[in-house]
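As C-alpha coordinates, the structure follows; a few thoughts come after it.
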Amino acid sequence: MSPAEAYQPDRSLKGKMRRRLVRLAHRRPLTAGPQSPMVTFSFDDAPLSAAEAGAALLEAHDARGTFYVSAGLAGSDGPMGRYAQAEDYRRLAAAGHEIACHTFSHLDCGRASGAQARADAERNLAALDEWRTGPATSFAYPYGDVAAGPKRALSPRYATLRALHHGVITAGTDLNQAPAVGIEGAEGEAIASRWLDQALARKAWLILYTHDVREAPSPWGCTPEALARLIDRARRGGAEIVTAAQGAQRLGVGAPSPAQKA
(Lines give C-alpha, C1' and ligand atoms only; values in the text may rest on other atoms or scores of the structure.)
Protein backbone atom coordinates (compact mmCIF):
# COMPACT_ATOMS: atom_id res chain seq x y z
CA MET A 1 0.00 0.00 0.00
CA SER A 2 1.38 3.40 -0.96
CA PRO A 3 1.82 6.17 1.61
CA ALA A 4 -0.90 8.27 -0.02
CA GLU A 5 -3.36 5.37 0.02
CA ALA A 6 -2.61 4.45 3.63
CA TYR A 7 -2.71 7.94 5.08
CA GLN A 8 -5.35 8.90 7.63
CA PRO A 9 -5.10 12.39 9.14
CA ASP A 10 -5.12 12.78 12.91
CA ARG A 11 -8.67 13.98 13.56
CA SER A 12 -8.33 14.00 17.33
CA LEU A 13 -8.64 17.24 19.28
CA LYS A 14 -4.91 17.06 19.96
CA GLY A 15 -4.18 16.73 16.24
CA LYS A 16 -6.45 19.64 15.35
CA MET A 17 -4.83 21.85 18.00
CA ARG A 18 -1.35 20.87 16.82
CA ARG A 19 -2.15 21.84 13.24
CA ARG A 20 -3.49 25.19 14.41
CA LEU A 21 -0.62 26.02 16.76
CA VAL A 22 2.20 24.94 14.44
CA ARG A 23 1.17 27.72 12.04
CA LEU A 24 2.29 30.15 14.76
CA ALA A 25 5.60 28.43 15.58
CA HIS A 26 9.05 28.72 13.98
CA ARG A 27 7.84 31.20 11.40
CA ARG A 28 10.05 32.79 8.74
CA PRO A 29 7.96 35.64 7.28
CA LEU A 30 8.70 36.81 3.78
CA THR A 31 10.10 40.34 3.97
CA ALA A 32 8.79 41.71 0.68
CA GLY A 33 6.28 40.22 -1.71
CA PRO A 34 6.48 39.96 -5.51
CA GLN A 35 6.24 43.05 -7.70
CA SER A 36 4.39 41.04 -10.35
CA PRO A 37 2.44 37.76 -10.27
CA MET A 38 4.23 34.42 -10.31
CA VAL A 39 2.87 30.88 -10.58
CA THR A 40 4.61 27.59 -9.81
CA PHE A 41 3.27 24.31 -11.15
CA SER A 42 4.44 21.49 -8.90
CA PHE A 43 3.99 17.73 -8.78
CA ASP A 44 4.06 15.81 -5.49
CA ASP A 45 5.50 12.28 -5.35
CA ALA A 46 6.37 12.63 -9.06
CA PRO A 47 4.30 9.90 -10.72
CA LEU A 48 5.63 8.95 -14.13
CA SER A 49 2.64 10.58 -15.83
CA ALA A 50 3.63 13.91 -14.25
CA ALA A 51 7.25 13.47 -15.31
CA GLU A 52 6.10 12.83 -18.86
CA ALA A 53 2.78 14.54 -19.64
CA GLY A 54 3.06 17.28 -17.01
CA ALA A 55 6.60 18.21 -17.98
CA ALA A 56 5.77 18.16 -21.70
CA LEU A 57 2.85 20.57 -21.24
CA LEU A 58 5.03 23.04 -19.36
CA GLU A 59 7.85 22.75 -21.89
CA ALA A 60 5.39 23.43 -24.71
CA HIS A 61 4.81 26.82 -23.04
CA ASP A 62 8.57 27.35 -22.52
CA ALA A 63 8.03 26.85 -18.78
CA ARG A 64 9.37 24.48 -16.16
CA GLY A 65 7.94 22.89 -13.01
CA THR A 66 8.96 21.60 -9.59
CA PHE A 67 8.85 17.89 -8.83
CA TYR A 68 8.80 17.04 -5.12
CA VAL A 69 10.41 13.61 -5.02
CA SER A 70 10.35 10.86 -2.39
CA ALA A 71 13.20 8.66 -3.61
CA GLY A 72 11.90 5.65 -1.70
CA LEU A 73 8.85 5.53 -4.00
CA ALA A 74 10.89 5.56 -7.23
CA GLY A 75 9.84 2.94 -9.75
CA SER A 76 7.07 1.50 -7.56
CA ASP A 77 3.35 1.37 -8.27
CA GLY A 78 0.71 3.26 -6.33
CA PRO A 79 -2.83 4.63 -6.62
CA MET A 80 -1.46 7.44 -8.81
CA GLY A 81 0.16 4.98 -11.21
CA ARG A 82 3.83 4.11 -11.45
CA TYR A 83 6.23 6.59 -9.88
CA ALA A 84 9.11 7.98 -11.91
CA GLN A 85 12.66 6.84 -11.22
CA ALA A 86 16.25 8.04 -11.38
CA GLU A 87 16.58 8.28 -15.17
CA ASP A 88 13.32 10.24 -15.38
CA TYR A 89 14.50 12.70 -12.75
CA ARG A 90 17.84 13.17 -14.51
CA ARG A 91 15.97 13.90 -17.75
CA LEU A 92 13.74 16.43 -16.00
CA ALA A 93 16.70 18.16 -14.36
CA ALA A 94 18.60 18.30 -17.66
CA ALA A 95 15.54 19.97 -19.24
CA GLY A 96 15.54 22.67 -16.56
CA HIS A 97 12.87 21.39 -14.20
CA GLU A 98 13.47 21.51 -10.45
CA ILE A 99 13.88 18.29 -8.48
CA ALA A 100 12.94 19.07 -4.88
CA CYS A 101 12.76 17.18 -1.58
CA HIS A 102 9.68 15.33 -0.24
CA THR A 103 11.50 13.09 2.31
CA PHE A 104 12.77 9.62 1.36
CA SER A 105 9.92 7.49 2.71
CA HIS A 106 7.09 10.00 2.26
CA LEU A 107 7.27 10.55 6.01
CA ASP A 108 4.33 12.07 7.86
CA CYS A 109 6.02 15.12 9.39
CA GLY A 110 2.95 15.73 11.51
CA ARG A 111 3.64 12.60 13.52
CA ALA A 112 7.46 12.41 13.32
CA SER A 113 10.06 13.93 15.60
CA GLY A 114 12.43 16.61 14.40
CA ALA A 115 15.31 14.12 14.33
CA GLN A 116 13.29 11.61 12.31
CA ALA A 117 12.25 14.23 9.76
CA ARG A 118 15.78 15.54 9.36
CA ALA A 119 17.24 12.05 8.93
CA ASP A 120 14.61 11.01 6.36
CA ALA A 121 15.06 14.24 4.39
CA GLU A 122 18.84 13.87 4.43
CA ARG A 123 18.51 10.32 3.16
CA ASN A 124 16.40 11.67 0.31
CA LEU A 125 18.94 14.37 -0.49
CA ALA A 126 21.69 11.74 -0.61
CA ALA A 127 19.68 9.73 -3.15
CA LEU A 128 19.00 12.81 -5.29
CA ASP A 129 22.68 13.69 -5.16
CA GLU A 130 23.58 10.17 -6.29
CA TRP A 131 21.10 10.55 -9.14
CA ARG A 132 22.77 13.85 -10.16
CA THR A 133 19.56 15.89 -10.29
CA GLY A 134 21.07 19.11 -8.92
CA PRO A 135 20.83 20.77 -5.51
CA ALA A 136 17.43 20.50 -3.78
CA THR A 137 16.59 23.83 -2.14
CA SER A 138 12.79 23.44 -1.95
CA PHE A 139 10.81 21.11 0.30
CA ALA A 140 7.17 19.99 0.57
CA TYR A 141 5.74 18.27 3.64
CA PRO A 142 4.20 14.91 2.64
CA TYR A 143 0.43 15.05 3.18
CA GLY A 144 0.91 18.77 3.88
CA ASP A 145 1.17 18.13 7.62
CA VAL A 146 3.93 19.10 10.05
CA ALA A 147 4.55 19.29 13.79
CA ALA A 148 6.71 21.87 15.53
CA GLY A 149 9.76 19.59 15.80
CA PRO A 150 10.10 18.78 12.09
CA LYS A 151 9.28 22.37 11.12
CA ARG A 152 12.09 23.64 13.32
CA ALA A 153 14.53 20.90 12.24
CA LEU A 154 13.98 21.28 8.49
CA SER A 155 13.66 25.06 8.19
CA PRO A 156 17.41 25.89 8.16
CA ARG A 157 17.99 23.65 5.13
CA TYR A 158 15.52 24.92 2.51
CA ALA A 159 14.59 28.21 0.89
CA THR A 160 10.90 27.29 1.04
CA LEU A 161 8.95 24.55 2.83
CA ARG A 162 5.53 24.04 1.28
CA ALA A 163 2.35 22.87 2.99
CA LEU A 164 -1.16 22.36 1.57
CA HIS A 165 -3.39 25.06 3.12
CA HIS A 166 -4.83 27.40 0.51
CA GLY A 167 -3.36 30.84 -0.04
CA VAL A 168 -0.93 32.94 -2.04
CA ILE A 169 2.54 34.10 -1.07
CA THR A 170 2.88 37.80 -0.24
CA ALA A 171 4.81 39.88 2.29
CA GLY A 172 4.53 38.24 5.69
CA THR A 173 3.85 34.71 4.43
CA ASP A 174 5.59 32.00 6.46
CA LEU A 175 8.17 30.43 4.14
CA ASN A 176 8.55 27.54 6.57
CA GLN A 177 4.92 26.56 5.95
CA ALA A 178 4.03 28.13 2.63
CA PRO A 179 0.51 27.77 1.21
CA ALA A 180 -0.38 25.93 -1.98
CA VAL A 181 -3.52 25.07 -3.95
CA GLY A 182 -4.24 21.64 -5.38
CA ILE A 183 -5.34 20.83 -8.91
CA GLU A 184 -7.06 17.62 -7.86
CA GLY A 185 -10.53 16.16 -7.72
CA ALA A 186 -13.65 17.19 -9.60
CA GLU A 187 -13.42 20.84 -8.54
CA GLY A 188 -9.63 21.12 -8.70
CA GLU A 189 -9.37 23.19 -11.87
CA ALA A 190 -12.12 25.59 -10.78
CA ILE A 191 -10.56 26.10 -7.34
CA ALA A 192 -7.10 26.62 -8.86
CA SER A 193 -8.58 29.13 -11.33
CA ARG A 194 -10.10 31.20 -8.53
CA TRP A 195 -6.80 31.33 -6.67
CA LEU A 196 -5.00 32.16 -9.90
CA ASP A 197 -7.32 35.14 -10.34
CA GLN A 198 -6.36 36.29 -6.83
CA ALA A 199 -2.66 35.93 -7.54
CA LEU A 200 -2.99 37.99 -10.72
CA ALA A 201 -5.02 40.69 -9.00
CA ARG A 202 -2.76 40.91 -5.94
CA LYS A 203 0.54 40.44 -7.80
CA ALA A 204 1.24 37.47 -5.56
CA TRP A 205 3.02 34.14 -5.93
CA LEU A 206 0.75 31.11 -6.26
CA ILE A 207 2.06 27.56 -5.91
CA LEU A 208 -0.20 24.99 -7.54
CA TYR A 209 0.31 21.27 -7.03
CA THR A 210 -1.06 18.01 -8.35
CA HIS A 211 0.14 14.41 -8.54
CA ASP A 212 -0.58 12.27 -11.62
CA VAL A 213 -1.44 13.88 -14.98
CA ARG A 214 -3.51 11.53 -17.14
CA GLU A 215 -6.88 11.18 -18.86
CA ALA A 216 -8.37 9.20 -15.96
CA PRO A 217 -6.50 10.68 -12.99
CA SER A 218 -6.54 9.51 -9.41
CA PRO A 219 -8.43 11.64 -6.85
CA TRP A 220 -5.11 13.43 -6.25
CA GLY A 221 -4.35 14.16 -9.92
CA CYS A 222 -5.68 16.07 -12.91
CA THR A 223 -6.16 15.65 -16.63
CA PRO A 224 -3.66 16.99 -19.18
CA GLU A 225 -6.42 19.26 -20.50
CA ALA A 226 -7.02 20.86 -17.09
CA LEU A 227 -3.30 21.44 -16.56
CA ALA A 228 -2.91 22.91 -20.06
CA ARG A 229 -5.79 25.34 -19.50
CA LEU A 230 -4.28 26.56 -16.22
CA ILE A 231 -0.84 27.03 -17.77
CA ASP A 232 -2.39 28.99 -20.62
CA ARG A 233 -4.52 31.02 -18.20
CA ALA A 234 -1.44 31.96 -16.18
CA ARG A 235 0.41 32.99 -19.32
CA ARG A 236 -2.46 35.06 -20.68
CA GLY A 237 -2.91 36.73 -17.30
CA GLY A 238 0.66 37.97 -17.34
CA ALA A 239 2.08 35.72 -14.62
CA GLU A 240 5.65 34.50 -14.79
CA ILE A 241 5.78 30.72 -14.51
CA VAL A 242 8.66 29.84 -12.19
CA THR A 243 9.94 26.83 -10.31
CA ALA A 244 9.80 27.02 -6.52
CA ALA A 245 13.54 27.70 -6.46
CA GLN A 246 13.22 30.48 -9.03
CA GLY A 247 10.32 32.04 -7.14
CA ALA A 248 12.39 32.15 -3.97
CA GLN A 249 15.31 33.65 -5.84
CA ARG A 250 13.06 36.35 -7.36
CA LEU A 251 12.13 37.34 -3.80
CA GLY A 252 15.70 37.32 -2.52
CA VAL A 253 15.22 34.11 -0.57
CA GLY A 254 18.27 32.01 -1.29
CA ALA A 255 19.12 28.53 -0.15
CA PRO A 256 21.04 28.48 3.12
CA SER A 257 24.79 28.28 2.94
CA PRO A 258 26.41 24.95 3.91
CA ALA A 259 27.42 26.41 7.28
CA GLN A 260 23.77 27.20 8.04
CA LYS A 261 22.33 23.83 7.19
CA ALA A 262 20.98 21.72 10.00
**Q.** Residue count for region 69-111, restricted to those that are part of a loop (DSSP other than H, G, I, E, B), among the small types (Gly, Ala, Ser) and at pLDDT 95 or above
**A.** 8
(Q) Quick test of your reading of the structure: ALA159 fulfils all but one of (1) small (Gly, Ala, Ser); (2) surrounded by 24 or more Cβ atoms within 10 Å (Cβ to Cβ); (3) closer than 26 Å to ARG91 by Cα. Name the failing condition by number. (A) (2)
Q) Given the structure, is ALA153 in contact (Cβ under 8 Å) with a residue 60 or more places away in the chain, small (Gly, Ala, Ser) and in a helix (DSSP H, G or I)? A) yes
**Q.** Whichever residue in region 57-68 is of a type in the set (Gly, Ala, Ser) and assigned to a loop (DSSP other than H, G, I, E, B) and, among such residues, is surrounded by the most Cβ atoms within 10 Å (Cβ to Cβ)
**A.** GLY65
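Please determine whether any residue of region 40-56 is of a type outside the set (Phe, Trp, Tyr), in contact with a Lys or Arg (Cβ under 6 Å, 6 or more places away or on another chain) and not in a strand (DSSP E or B).
Let us first name the residues in region 40-56 that are of a type outside the set (Phe, Trp, Tyr), namely 40, 42, 44-56.
Filter once more, keeping what is in contact with a Lys or Arg (Cβ under 6 Å, 6 or more places away or on another chain): 48-49.
Still in the running and not in a strand (DSSP E or B): 48-49.
Yes, because at least one residue in region 40-56 is of a type outside the set (Phe, Trp, Tyr), in contact with a Lys or Arg (Cβ under 6 Å, 6 or more places away or on another chain) and not in a strand (DSSP E or B).
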Q. For region 64-96, what are the residues that are in contact with a Lys or Arg (Cβ under 9 Å, 6 or more places away or on another chain) and among the charged types (D, E, K, R)?
A. ARG90
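Considering only region 81-91, I want to know if a residue exists there that is buried (at least 21 other Cβ atoms within 10 Å of the Cβ), over 22 Å from GLU130 (Cβ atoms) and in contact (Cβ under 8 Å) with a residue 12 or more places away in the chain. If you could, list the steps in order and put the result at the bottom.
As a first pass, look at region 81-91 and keep what is buried (at least 21 other Cβ atoms within 10 Å of the Cβ): 83-84, 88-89.
Pick out the ones that are also over 22 Å from GLU130 (Cβ atoms) and you get none.
No, that holds for no residue.
Against the condition out of contact with any strand residue (DSSP E or B) (no Cβ under 7 Å at 6 or more places or on another chain) and surrounded by 16 or more Cβ atoms within 10 Å (Cβ to Cβ), how does PRO224 come out, does it pass?
no
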Q: Please determine, by comparing only the residues of region 23-39 that are in a strand (DSSP E or B) and in contact with a helix residue (DSSP H, G or I) (Cβ under 9 Å, 6 or more places away or on another chain), which one is surrounded by the most Cβ atoms within 10 Å (Cβ to Cβ).
A: VAL39
Q) Residues in region 125-147: is at least one of a type outside the set (S, T, N, Q), more than 30 Å from ARG91 (Cα to Cα) and crowded, with 18+ Cβ neighbours inside 10 Å? A) yes
Q.
When you scan region 229-240, do you find a residue that is out of contact with any helix residue (DSSP H, G or I) (no Cβ under 8 Å at 6 or more places or on another chain), part of a loop (DSSP other than H, G, I, E, B) and either in contact (Cβ under 8 Å) with a residue 40 or more places away in the chain or over 14 Å from PHE43 (Cα atoms) (or both), even just one?
A. no
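The values are calculated or read from the model by the stated rules, or taken from the named source; none is laboratory data. Treat the numbers as computed from the prediction; the structure is a model and nothing was measured. Ideal geometry is used to build each Cβ from the backbone, glycine not excepted, and the neighbour counts take in all protein chains shown.
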